Amino acid sequence: MLRRKSDMKKVIATITALVMGGSLAACGKTSSSSESAVSNPGDKTIGIAMPAQNLERWNSDGEFLKNKFEEAGYNVILTYSDNNATKQNNDVIGLISKDVDLLLIAAVDGKELSKTLDEAKAKNIPVVSYDRLIMGTEAITYYVSFDNATVGKLQGEYIKEQLQLDDTSGPYNIEFVGGDLADNNARYFFNGAYDTLVNYIDSGKLNVRSGKTTFEQVATTDWLPENAKKDMEKNLNANYPSGTQLDAVICSNDSTALGVTQAIDSTYNGSNQPIITGQDGDEENLRNIVDGKQAMTVYKNLNDLTLVTFEVCKTILEGNVPAAGLVDSLPMEVTYDTGSYNNGKKYVQSYLLVPYVITKDNLQLLVETDLYKWNDDGKYLSKVK
Ligand code: BGC
């Protein structure tokens, strides 16, 4: 089932309700156990497990979510797991033992939490999978994320347009740099991009000189810039000797793009600057976009993601079922999807937001999210802390 809305009147009405201190979840109610199920938020604790603080975006996610729940009166326990699946599993066990009322998890390793979450299910603790889908368990109630395949597709389409693949004869050289093998999203990003470009690869208009054309071959351990840099330096040394031109590198996100940009600086001898993609709108990458070292980033508005997540969780905690009805009350475009994300046990009910492309020509769009501001130099952007 797919349900999408974009009714402007409703958007304005909902924003007004929000400004007036109204509740989105109340509008989104599709079934209600009973009004008396609505309890005092102060009696409820949300356990939030985020993957790591050394990758920029999760700090913002953790902070935003914590603030949103606390502003509404809920208690929050927020954990970070140093990108270590065992540590995160222990963190979640700790949260379950503290009898949290809801678990909100962005998994380090999508497959490592299933046993622990079965315990959460046995204790009737709802589990919401945040940004990354948790695999192999019936315990997940909802998944809130962006359309992950579209992230990759936008990157692929950007390369297609920039290289004018339909109007020029090429051939061009391209490489792919993917995310971590254990992150379920990473495969969607890679496939989204690869599938967009595969016909040009098959026809020989795009060459992948390294021969690395599968997700497994291009995955970057822990998504870390230093690992992406090492892999890219090796690739450049082996496949791009004496000024051989590399035209484009599809990097699944900004941390990998950062490493690739460094490898281009240190090791690349071609005369052009390869077109490098990214995802997230990390500060250093936005500087690189202004400086022409990275071409684009796919932006996922974290304010919107945390707002949708908050409304889903709040509705559950109030004893109601968010399901498709919640979409109508949300002030941004969201698809309610029950047929795309299967975690090996079931199709997980998903709320999917819409990502978009940022280049040096539309950085102002980031400022309009209220999450970024122009620096005094009027040239670079910083995140609003
Ligand atoms: C997220 C990306 C992020 C990556 C590394 C993915 O699961 O969707 O936004 O760049 O993890 O942290």
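Can you name the residue in the stretch 112-141 that is part of a strand (DSSP E or B) and in contact with a Ser or Thr (Cβ under 7 Å, 6 or more places away or on another chain) and, of all such residues, is nearest to Gly278 (Cα to Cα)?
Selected residue: Tyr130.
Within the bounds of the stretch 197-217, is there any residue that is touching a residue at least 40 places away in the same chain (Cβ under 8 Å) and surrounded by fewer than 22 Cβ atoms within 10 Å (Cβ to Cβ)?
First, pick out the residues of the stretch 197-217 that are touching a residue at least 40 places away in the same chain (Cβ under 8 Å): 197, 200, 205-206.
Restricting the remaining residues to those that are surrounded by fewer than 22 Cβ atoms within 10 Å (Cβ to Cβ) gives 200, 205.
Yes, that holds for at least one residue.
Every listed requirement among (1) of a type in the set (A, V, I, L, M); (2) within 16 Å of the ligand (Cβ to nearest atom); (3) under 30 Å from Glu318 (Cβ atoms); (4) open to solvent by 10 Å² or more (accessible area, probe 1.4 Å) is met by Ala122 save one, (2). Checking each residue in the stretch 239-284 for being surrounded by fewer than 20 Cβ atoms within 10 Å (Cβ to Cβ) and within 16 Å of the ligand (Cβ to nearest atom) picks out Glu283, Glu284. The single condition from (1) open to solvent by 30 Å² or more (accessible area, probe 1.4 Å); (2) in a loop (DSSP other than H, G, I, E, B) that Val357 fails is (2).
Residue count for the stretch 174-205 under the criterion of being of a type outside the set (Gly, Ala, Ser), within 10 Å of the ligand (Cβ to nearest atom) and part of a loop (DSSP other than H, G, I, E, B): the result is 2. Considered as a group, the residues in the stretch 136-167 that are open to solvent by less than 40 Å² (accessible area, probe 1.4 Å) and farther than 30 Å from Ala323 by Cβ include one that is nearest to the chain's Cα centre (by Cα), and that residue is Gln155.
Scanning the stretch 165-192 for residues being touching a residue at least 60 places away in the same chain (Cβ under 8 Å), under 22 Å from Ala106 (Cβ atoms) and touching a Phe, Trp or Tyr at 6+ places or on another chain (Cβ under 8 Å) gives a total of 5.
Take Leu181 and tell me if it is closer than 23 Å to Ala149 by Cβ and either open to solvent by 60 Å² or more (accessible area, probe 1.4 Å) or of a type in the set (Val, Ile, Thr) (or both). Yes, satisfied.
Can you find a residue in the stretch 41-60 that is hydroxyl-bearing (Ser, Thr, Tyr) and surrounded by fewer than 15 Cβ atoms within 10 Å (Cβ to Cβ)? For the stretch 41-60, residues hydroxyl-bearing (Ser, Thr, Tyr) and surrounded by fewer than 15 Cβ atoms within 10 Å (Cβ to Cβ): absent.
Return yes when Asn67 is within 16 Å of the ligand (Cβ to nearest atom) and out of contact with any helix residue (DSSP H, G or I) (no Cβ under 8 Å at 6 or more places or on another chain) and no when it is not. When the stated conditions are applied, Asn67 does not pass them.
Within the stretch 329-347, is even one residue assigned to a helix (DSSP H, G or I), within 16 Å of the ligand (Cβ to nearest atom) and within 23 Å of Gly152 (Cβ to Cβ)?
Residues of the stretch 329-347 assigned to a helix (DSSP H, G or I): none.
No, there is no match, as no residue in the stretch 329-347 is assigned to a helix (DSSP H, G or I), within 16 Å of the ligand (Cβ to nearest atom) and within 23 Å of Gly152 (Cβ to Cβ).
At least 2 residues being modelled with pLDDT of 70 or more is the threshold, and among the helices (runs of 4 or more DSSP H) wholly inside the stretch 1-104 those reaching it are 56-71, 85-97.
So for the stretch 77-92 (the condition being open to solvent by 30 Å² or more (accessible area, probe 1.4 Å), of a type in the set (Val, Ile, Thr) and within 25 Å of the chain's Cα centre (by Cα)), does at least one residue qualify? Yes, the stretch 77-92 contains a residue that is open to solvent by 30 Å² or more (accessible area, probe 1.4 Å), of a type in the set (Val, Ile, Thr) and within 25 Å of the chain's Cα centre (by Cα). Quick one: is Gly152 within 16 Å of the ligand (Cβ to nearest atom) and at pLDDT below 95? Answer is no for this residue.
Of all residues in the stretch 219-235, which are surrounded by fewer than 18 Cβ atoms within 10 Å (Cβ to Cβ) and away from the ligand (no atom under 16 Å from the Cβ)? Don't jump to the end; show me each part of the working.
As a first pass, look at the stretch 219-235 and keep what is surrounded by fewer than 18 Cβ atoms within 10 Å (Cβ to Cβ): 221, 226, 230, 234.
If the condition is that a residue be surrounded by fewer than 18 Cβ atoms within 10 Å (Cβ to Cβ) and away from the ligand (no atom under 16 Å from the Cβ), then Lys230, Lys234 are the ones that fit.
Going by the structure shown, is Ala72 away from the ligand (no atom under 13 Å from the Cβ) and in contact with a Lys or Arg (Cβ under 9 Å, 6 or more places away or on another chain)? When the stated conditions are applied, Ala72 passes them.
For the stretch 132-144, check the following and say yes or no: at least one residue is more than 16 Å from the ligand (Cβ to nearest atom) and aromatic (Phe, Trp, Tyr). Before you say what the answer is, go through the steps one by one.
We begin by selecting, within the stretch 132-144, every residue more than 16 Å from the ligand (Cβ to nearest atom); these are 136-139, 141-142.
Going one step further and asking which of them are aromatic (Phe, Trp, Tyr), we end up with 142.
Checking the stretch 132-144: at least one residue is more than 16 Å from the ligand (Cβ to nearest atom) and aromatic (Phe, Trp, Tyr).
The values are calculated or read from the model by the stated rules, or taken from the named source; none is laboratory data. All of these numbers come straight from a predicted model, not from anything done at the bench. Virtual Cβ from ideal backbone geometry, glycine too; neighbours counted across all protein chains shown. With ligands, DNA and RNA removed, areas are computed over all heavy atoms of the protein, side chains included. Shrake-Rupley method; radii C 1.70, N 1.55, O 1.52, S 1.80 Å.
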